[in-house]
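To start, the structure itself, in structure tokens.
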Amino acid sequence: MLLSEVLSGESYNTITGDPASCDVTRTESDSRKITDGCLFVAIAGFEFDGHRFVEAAILSGANAVIVDSGREILSTSEIA
């Protein structure tokens, strides 16, 4: 599914990259479960802050990352 389809109807502050050309295979909030093509959603939880694991998710093959701080969305093709 294209990232643009996942984001359809959602509002966000910043986007880097082209969501219409970013294909995501599934959504995951646990960086240990990331495989190639995943969309990683970093969430600040009660025990762990997912933002600390963004780099690990990218290195594990995430195609895109959503960060709840300000609803910022980053494309790994623009980060790498």
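The values are calculated or read from the model by the stated rules, or taken from the named source; none is laboratory data. Fair warning: this is a prediction, and the values are worked out from it, not measured in the lab. Cβ placement follows ideal geometry from the backbone for every residue including glycine, while neighbour counts extend to all protein chains displayed. With ligands, DNA and RNA removed, areas are computed over all heavy atoms of the protein, side chains included. Shrake-Rupley method; radii C 1.70, N 1.55, O 1.52, S 1.80 Å.
Points worth noting:
- Scan segment 37-70 for residues that are open to solvent by 80 Å² or more (accessible area, probe 1.4 Å) and under 17 Å from VAL6 (Cβ atoms) and the total you get is 1.
- Cβ-Cβ under 6 Å pairs, at least 6 apart or on other chains, segment 56-69 side closer than 15 Å to GLY45 by Cβ and modelled with pLDDT under 90, far side of a type in the set (Val, Ile, Thr) and buried (at least 17 other Cβ atoms within 10 Å of the Cβ): ILE66/VAL41; ILE66/ILE73
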